[in-house]
Amino acid sequence: MRNIHDNTKKLMTDISNKVVVIVRKLIDKSKENTTFTYTILTVTVVFILDVLNLIDTETKITYTSIGSGLIAIIGLHLFYQRLKNQEKQIDIQINQRIDERFNSAINLLGSSETSARTGAIYALHELAREEEKYRKQIAQILCSHIRSKTNEEEYQQKHNKRPSNEIQTTINLLFKEHEHGLYTQDFARVAEFPKADLSHAYLMGANFERAQCQGASFYASKCQEADFWDAHCQGANFEEAQCQGADFSKTQLQGACTIDARHISLENRIGKNTELNITFKGRIDENTIKIIENSKSYLSDFWYQNMQKIIRDNEGLNPNYHVPNGCITGILEDSEEIQAIINKDWDKLKQLQNVE
């Protein structure tokens, strides 16, 4: 007998839980039509009460049974409304805590104390990883912090060989995978996420080793002696950047804009899709004509046709050619360098560049 009672109690509990789920779904779908909602609920509850033999629908439905059904409906509705209100309150409290964390970190970022600013950088980084609300703004704020801080005269006097711990920490938390950098996360790969802007930044000796800097702007930045070893800088903008002494070994720079960037190795900018937009001036000899033919796969159809026209106009004459402003491949001084690129003979290319 006891087992029957326990099983009945368990059955009632399961049915009650299912009723709550059904009620919540019905109310969610019928919020705009209260009459329809309560009609459906009435039918549902009467059906359940009948299944439990609490009312007899085969003979008659008494006022008492109807009242019991209505009370059950009202109770379930009030219970659901309470759950909804609790959820709203929890959401409000969570948003308030996120706002407080963000505002507190921003205030600390403006502190005159280095330790306070560094703590704020870590706090913003963690907030951006955990919550979507301020994620884009935080990435932009941290980049802006690097630009503004490194352009202070006092900073440049103290850190003319390598960045401060504060700035290097910010770089790591933005671009380094082992530091869970923001630009290494999946959310940074969507088109709407802002690209890193380090234009005009003072990045002498900065460590970007294995950094994820795809699409980042280093426009007119000072990157002398910076370490970009094995960094991913595809599509990055290095226009007018000063990169004397910087290490770009194994750096991925395909599609990067390096017009007037100083001392970025030509090797790092050559990929299978690189287009050699070479123009010629003056006279061209037979050896150069052969090189142009061998370079066909590296030239767009437009430029190849231009080369053919120049060949027809200047065949048999001495060469005098250069790369125009805006060429993404850098400066090519002679035909040996072109041939080295065609053969992907990087050792030869380095030798030619060292001779220069």
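The values are calculated or read from the model by the stated rules, or taken from the named source; none is laboratory data. Quantities reported herein were computed from a predicted structural model and do not represent experimental measurements. We place every Cβ from the backbone using ideal geometry, glycine too, and count neighbours over all the protein chains shown. Side chains included, ligands, DNA and RNA excluded: accessible areas come from the protein's heavy atoms. Shrake-Rupley method; radii C 1.70, N 1.55, O 1.52, S 1.80 Å.
Quick notes on this structure:
- Of all residues in segment 102-128, those that are among the aromatic types (Phe, Trp, Tyr) have Cβ atoms under 9 Å from Cβ atoms of residues that are crowded, with 16+ Cβ neighbours inside 10 Å and part of a helix (DSSP H, G or I), 6 or more apart or on another chain, in PHE102/ALA123; PHE102/LEU124; PHE102/LEU127; PHE102/ILE138; TYR122/ALA105; TYR122/THR169; TYR122/LEU173.
- Residue check for ARG162: of a type in the set (D, E, K, R), within 26 Å of GLY205 (Cα to Cα) and open to solvent by less than 40 Å² (accessible area, probe 1.4 Å): no
- Residues of segment 202-220 that turn out to be more than 14 Å from HIS178 (Cα to Cα) and open to solvent by 30 Å² or more (accessible area, probe 1.4 Å), as a count: 3
- Filter pass, ASP260 being at pLDDT 85 or above, open to solvent by 10 Å² or more (accessible area, probe 1.4 Å) and either within 28 Å of GLN156 (Cα to Cα) or of a type in the set (Val, Ile, Thr) (or both): no
- Residue match in segment 192-213 (condition: assigned to a helix (DSSP H, G or I) and not aromatic (Phe, Trp, Tyr)): no
- Residue check, CYS213 farther than 19 Å from PHE248 by Cβ and hydrophobic (A, V, I, L, M, F, W, C): no
- Condition met for THR170 (in contact with a helix residue (DSSP H, G or I) (Cβ under 7 Å, 6 or more places away or on another chain), of a type outside the set (Asp, Glu), surrounded by 11 or more Cβ atoms within 10 Å (Cβ to Cβ) and under 23 Å from CYS243 (Cβ atoms)): yes
- Only listed residue being closer than 23 Å to GLU100 by Cα and open to solvent by 40 Å² or more (accessible area, probe 1.4 Å), chosen from GLN140, GLN157: GLN140
- Enumeration of residues in segment 140-172 that are part of a loop (DSSP other than H, G, I, E, B) and of a type in the set (Asp, Glu): GLU152
Okay, residues lined up against (1) surrounded by 10 or more Cβ atoms within 10 Å (Cβ to Cβ); (2) in a helix (DSSP H, G or I); (3) at pLDDT below 90; (4) hydrophobic (A, V, I, L, M, F, W, C):
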{"residue": "THR64", "(1), (2), (3), (4)": "no, yes, yes, no"}
{"residue": "PHE79", "(1), (2), (3), (4)": "yes, yes, yes, yes"}
{"residue": "ARG82", "(1), (2), (3), (4)": "yes, yes, yes, no"}
{"residue": "ASN85", "(1), (2), (3), (4)": "yes, yes, yes, no"}
{"residue": "ALA105", "(1), (2), (3), (4)": "yes, yes, no, yes"}
{"residue": "ALA116", "(1), (2), (3), (4)": "yes, yes, no, yes"}
{"residue": "HIS125", "(1), (2), (3), (4)": "yes, yes, no, no"}
{"residue": "ARG129", "(1), (2), (3), (4)": "yes, yes, no, no"}
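- Pair list, Cβ < 8 Å and 6+ apart or interchain, from segment 190-206 residues that are hydroxyl-bearing (Ser, Thr, Tyr) to residues that are surrounded by fewer than 18 Cβ atoms within 10 Å (Cβ to Cβ) and part of a loop (DSSP other than H, G, I, E, B): SER199/ALA220; TYR202/ASN151
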